[in-house]
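The values are calculated or read from the model by the stated rules, or taken from the named source; none is laboratory data. Worth saying up front: this structure is predicted, and the values here are computed from it rather than measured. FYI the Cβ positions are ideal-geometry reconstructions off the backbone, even for glycines, and counts take in every protein chain you see.
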Amino acid sequence: LKPRVEALLEVPRSDDVQPLPQAAKLHWLPRDAEPDYQHGELLMRALRDIDLHKEIQALGGTGMPGVTNDEYDDEDGPLWEPATLDDSAPFYAWIAAETKVAMRLRRYLVNELGLPKQYVTSMGYWRQGKANG
């Protein structure tokens, strides 16, 4: 089987959407199309719309809310949680976003859906309202 790639891309404006080859299923989420949503809300809504229960159960996860626990709460430190998996894993989540958005997406996958955290890499590579120096 070919690997399935599904990407959720939240971008500031509709003209940031880029045409790309169809090697992956891309979901462009321009924030200017939904001005009432806060940064990251379009990503969370789109992620919740994807049914991942079969993939999570295939990994030995519960597929049930609240059964596993991801307690990363360091609001000020860098968020970089690499996955620890082998190449045969049928599912893998890679998150790169503003730090609070990355934490919310990771917690949803791990805490609410029961995805074992070794199958999630999450990176909060910037913070809203803070300059990196």
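Taking the conditions exactly as written (at pLDDT below 90 and not basic (Lys, Arg)), does Glu55 satisfy them or not?
Answer is yes for this residue.
Which members of the stretch 2-35 meet the condition of being more than 15 Å from Leu47 (Cβ to Cβ) and not in a loop (DSSP other than H, G, I, E, B)?
Within the stretch 2-35, Val11, Ser14, Asp15, Asp16, Pro30, Arg31, Asp32, Ala33 qualify.
Suppose we keep only residues that are closer than 19 Å to Ala46 by Cα and of a type in the set (Phe, Trp, Tyr) within the stretch 88-129. Which one would you say is surrounded by the most Cβ atoms within 10 Å (Cβ to Cβ)?
Restricting to residues being closer than 19 Å to Ala46 by Cα and of a type in the set (Phe, Trp, Tyr), the top hit is Phe91.
For the stretch 90-108, give me each residue that is out of contact with any Ser or Thr (no Cβ under 9 Å at 6 or more places or on another chain) and free of Cβ contacts under 8 Å to residues at least 60 places away in the same chain.
Pro90, Phe91, Glu98, Thr99, Arg107
Across the stretch 34-52, what is the total count of residues that are among the charged types (D, E, K, R), farther than 11 Å from Leu105 by Cα and touching an Asp or Glu at 6+ places or on another chain (Cβ under 9 Å)?
1
Could you say whether any residue in the stretch 109-131 is hydrophobic (A, V, I, L, M, F, W, C) and modelled with pLDDT under 75?
Within the stretch 109-131 (the criterion being hydrophobic (A, V, I, L, M, F, W, C) and modelled with pLDDT under 75), the answer is yes, since at least one residue qualifies.
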